[in-house]
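Q: Below is a structure I'd like to ask you about.
The values are calculated or read from the model by the stated rules, or taken from the named source; none is laboratory data. Predicted model only: the values in this text are computed from it and were never measured. Positions of Cβ are backbone-derived with ideal geometry, glycine not excepted, and every protein chain shown enters the neighbour counts. Protein only, heavy atoms only, side chains kept; ligands, DNA and RNA dropped before computing areas. Shrake-Rupley method; radii C 1.70, N 1.55, O 1.52, S 1.80 Å.
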Amino acid sequence: RYERSEENKILRDLLTEEEYNDAAMSINSAYYTPAMVIDTLWDIADAMGFKGGDILEGSAGIGNIIGQMPKSMSSRSNIEAVEIDSISGNILKLLYPDAKVHIQGFQDTMIPNGSVDLAITNVPFVTGLHVIDKVDKDLSRKFKNIHDFCIAKNIRKLREGGIGLFITSSGTMDKSTELRAWIADEGQA
């Protein structure tokens with residue numbers, strides 16, 4: 001069993017209880033986006049006319065998406081990043097000291113609606129995980145899947161004319177009729 005492995009004993013000795021619990025939760029949801037995929041996201045942002053502005057990365061990990069942003073964009077941008085895992089979030093803070101980093105769940109993060117020029121992220125996937133958002137209560141009530149909720153919350157944070165680029169599963173487009181309707185109607189995207 002994993003709980004009895006030598007590696008697990010080492011981790012328990014190295015990490016605080018909170019860090020250990022965060023790491024254990026990340027087993028089910030952490031995925032580090034490949035460089036080729038990230039480069040494609042930035043190519044799309046560029047093709048859509050994004051040159052710089054206020055950027056939101058709502059599930060940042062250690063900042064791979066931020067780190068591969070073209071210099072021409074990063075020199076003209078302010079970055080706000082969210083990461084729930086404390087170890088990844090602290091690495092993110094160290095790697096990107098100029099970014100505003102929130103080490104907490106996206107559902108607990110206060111970002112003004114209509115304040116972001118570009119929302120770009122690989123949304124979290126945890127089957128059956130439903131979050132409660134104290135700010136965007138209606139979204140967390142409406143969308144029971146965390147990836148649908150995260151897409152909707154990111155869209156709500158966009159300024160008029162802002163760009164949202166999200167890595168998601170085919171399930172979002174195939175099964176999330178409620179999200180697709182919200183994006184077109186209430187989300188005004």
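Q: Using a 1.4 Å probe, what is the accessible area per residue for the chain, in Å²?
A: Value returned for the chain: 56 Å² of accessible area per residue.
Q: Moving to a separate point now. Run the dipole for the stretch 98-189 about the Cα centre, Lys and Arg Cβ at +1, Asp and Glu Cβ at -1, nothing else charged, and hand back the magnitude in debye, nearest 20.
A: Its charge dipole is roughly 180 debye.
Q: If I take R0 = 35 Å and measure r between the Cβ atoms of Gln68 and Arg159 in this structure, what FRET efficiency does the formula 1/(1 + (r/R0)^6) give, to the nearest 0.05?
A: My answer for the efficiency is 0.90.
Q: Treating only the Cβ of Lys, Arg, Asp and Glu as charged (+1, +1, -1, -1), what charge dipole size does the chain show about its Cα centre? Round to the nearest 20 debye.
A: 260
Q: Express the carbon and sulfur contribution to the solvent-accessible surface of the chain as a percent, rounded to the nearest whole number, probe 1.4 angstrom.
A: 53
Q: Would you calculate the volume per residue, in Å³, of the smallest convex hull containing every Cα atom of the stretch 111-189?
A: Hull volume normalised by residue count: 82 Å³.
Q: Loop-only check: which GluC sites (Glu not before Pro) in the stretch 110-189 are DSSP coil with at most 14 other Cβ within 10 angstrom?
A: Glu186
Q: Moving to a separate point now. Among the trypsin sites (Lys or Arg not before Pro) in the stretch 87-150, which ones are in a DSSP loop with at most 13 other Cβ atoms within 10 Å of the Cβ? Mind listing them?
A: Lys134, Lys144
Q: Shifting gears a bit: Running a GNM on the chain with Cα contacts under 10 Å, which residue among Thr177, Thr168, Thr121 ends up with the highest mean-square fluctuation?
A: Thr177
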